[in-house]
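Right, one structure below, let's go through it.
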């Protein structure tokens, strides 16, 4: 748990990290959360108690669950967010969407329930091209894009996050395609374009793991506004075609 998160949703957030993720993102900062084993078992009520101790700091903020992949622990999320809503706490999920499973009626019943308790989903789209996504994460992006459409259908506020990695996700064609894809959604509330950095490399060394992007330089932060504009141009094009209000 992190008691003072400032980049995990609106306001100051109480952040809960959960174990388990099927993605193997080459630049993942938390490879220690990939396995479902490990971590510390906690009751949702205990987490709410920890939040309540400093709730004065969280005005305008709330609770964010990240990971790992939070949707791998959907029963836990439902219980935690049910308790949070009773106390009028803003709830946010930071997800890759990879665990979304529309083919399972049981999963979708739980997901529908969870969405009634969720104020915001921060959805990480790693790469808009499916084959490039597989190379980067060892997983296809099909379910992730389906999850974005589902969130729009359920009218759950969505923030899109995208990490720009030199030579991998910084191609303007793919950035524009990403914008064109997300431009169709009326629940899109924000776009975070983040520069790739190498600070996670040290953790891999300590864990005795290979860092797949070794040698790839950090993304030049000065180029991020330019790259974000490419995505925004794609958004505006799609919205113009659909007759939707243009993005700011």
Exercise. For all pairs of alpha-carbon atoms in the range 28-78, what percent lies in each bin of width 10 Å, listed from the first bin to the last filled one?
Worked result: 20, 46, 31, 3
Seminar exercise, completed: A convex hull over the alpha carbons of the range 39-108 yields, per residue, a volume in Å³ of 107
Exercise. Just from its helices, what would the mean residue ellipticity at 222 nm be for the chain, if runs of 4 or more DSSP H residues each count -39500 (n - 2.57) and the sum is divided by every residue, rounded to the nearest 500 deg cm²/dmol?
Worked result: -11000 deg cm²/dmol
Seminar exercise, completed: In Å, the Kirkwood hydrodynamic radius from C-alpha pairs for the range 2-242 sits at 18.6
Seminar exercise, completed: Place a point 7 Å from the Cα of residue 209 in the direction of its beta carbon; the residues of the range 24-67 whose amide N falls under 12 Å from it are 24-36
Exercise. If you take all C-alpha pairs in the range 1-55, what percent of them are over 19 Å apart?
Worked result: 42
Exercise. How do 33, 142, 198, 40 line up, fewest other C-beta atoms within 10 Å first?
Worked result: 40, 142, 198, 33
Exercise. For residue 223 and residue 57 in one chain, what is 0.36 nm times their gap in residues minus the Cα-Cα distance, to one decimal in nm?
Worked result: 56.4 nm
Exercise. In the chain, what % of DSSP beta bridges are antiparallel (nearest 5)?
Worked result: 10
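Would you work out the Kirkwood radius for the range 201-245? I mean one over the mean of 1/r across all pairs of different Cα atoms, in Å.
13.8 Å is the Kirkwood radius here.
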Problem set entry | Three-way shape call for the range 1-121 based on the alpha-carbon gyration tensor, with the a/c threshold at 1.5 | oblate
Problem set entry | Estimated FRET transfer efficiency when R0 is 41 angstrom, pair residue 75-residue 172 (beta carbons, to 0.05) | 0.50
Exercise. What is the chain's relative contact order, in percent, from Cα pairs under 8 angstrom and six or more apart in sequence?
Worked result: 16
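Every read-out reported here was derived from the displayed coordinates using simple, explicitly stated rules and does not represent laboratory data. What you see is a predicted model, and the numbers here were worked out from it, not measured in a lab. So basically every Cβ, Gly included, is an ideal-geometry build from the backbone, and we count neighbours across all protein chains shown.
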